[in-house]
């Protein structure tokens, strides 16, 4: 099956800093989504982005499907951005999303 | 518009007992997915269901685990004769159609004593 690799595995930032999280995948994808799992375990869908660029407030995402990667940008980070960020993809005839192992983000006050 | 509802939030079972986890999808969503998350790990797909049909159960253990999504009522993930290794967070997600944006419930934390 498709392999999904996220980097970095861990990231520590001071409040106000910017960051870029990366998601590489081993095959072409039909569907790519970014999720944030907060410290209480809740999973929030941030972006549905099989290709192109989208922005939502301080967050934006870009997927370059032909080069098999996606980037999540977080600007002016806040402590509430802490948690784990997952990339998930749907590829080929698969019917369900395959998740990466996540990036653990800690934003310090 | 309520989101995906899962209950119970926490479930404690002794080894050998049965666990039943419930999931009501978002209104208008007919596609339900179950994922399992072990501590410090990502989410692993278990099963994908539509009303009254199992579409893909390739991630389900072959024994003790079953899932259903009846015409009326919530989707149920059932684990028989639980073992300590079943301790995990179980998440349900729903979408309005296949390959569409996925919305997750708050999860059920299963602890097996």
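The values are calculated or read from the model by the stated rules, or taken from the named source; none is laboratory data. All values reported here derive from a predicted model rather than from experimental measurement. Note that each Cβ is placed from the backbone with ideal geometry, even for glycine, and that neighbours are counted across all protein chains shown.
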Could you please let me know if residue B:20 is more than 28 Å from residue A:1 (Cβ to Cβ) and within 14 Å of chain A (Cβ to nearest Cβ)? no
Could you check residue A:8 against (1) more than 15 Å from the chain's Cα centre (by Cα); (2) in contact (Cβ under 8 Å) with a residue 60 or more places away in the chain; (3) closer than 27 Å to residue B:89 by Cβ; (4) more than 14 Å from chain B (Cβ to nearest Cβ) and say which number it fails? (1)
Quick test for you: out of B:47, B:82, pick the one residue that is modelled with pLDDT of 95 or more, out of contact with any helix residue (DSSP H, G or I) (no Cβ under 9 Å at 6 or more places or on another chain) and assigned to a loop (DSSP other than H, G, I, E, B). B:82
Could you check how many residues of segment A:39-79 are out of contact with any helix residue (DSSP H, G or I) (no Cβ under 8 Å at 6 or more places or on another chain) and touching a residue at least 40 places away in the same chain (Cβ under 8 Å)? 13
Is it the case that residue A:28 is out of contact with any strand residue (DSSP E or B) (no Cβ under 9 Å at 6 or more places or on another chain) and either without any contact (Cβ under 8 Å) to a residue 12 or more places away in the chain or more than 21 Å from residue B:43 (Cβ to Cβ) (or both)? yes
Taking segment A:78-99, which residues are surrounded by 22 or more Cβ atoms within 10 Å (Cβ to Cβ) and not in a strand (DSSP E or B)? A:96, A:97
Return the residues of segment B:85-101 that are more than 8 Å from chain A (Cβ to nearest Cβ) and in a loop (DSSP other than H, G, I, E, B); say none if nothing qualifies. B:87, B:96, B:97
Does segment B:69-77 include one or more residues that are part of a loop (DSSP other than H, G, I, E, B) and under 24 Å from residue A:46 (Cβ atoms)? no
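Tell me, which residue of segment A:28-43 that is closer than 18 Å to residue B:90 by Cβ and more than 8 Å from chain B (Cβ to nearest Cβ) is surrounded by the fewest Cβ atoms within 10 Å (Cβ to Cβ)?
If we filter segment A:28-43 for residues that are closer than 18 Å to residue B:90 by Cβ, which is where we start, we get A:35, A:37-38, A:40-43.
Next, from what is left, pick out any that are more than 8 Å from chain B (Cβ to nearest Cβ): A:37-38, A:40.
Numbers: A:37: 22, A:38: 13, A:40: 8.
My answer is A:40.
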Residues of segment B:45-77 satisfying the condition of being within 18 Å of residue B:112 (Cβ to Cβ) and exposed (fewer than 14 other Cβ atoms within 10 Å of the Cβ): B:61, B:63
Let me spell it out: the conditions are (1) in a strand (DSSP E or B); (2) within 14 Å of another protein chain (Cβ to nearest Cβ), and residue A:73 meets all of them except one. Which number is the exception? (2)
With respect to residue B:86, determine if the residue is buried (at least 19 other Cβ atoms within 10 Å of the Cβ) and under 22 Å from residue A:98 (Cα atoms). yes
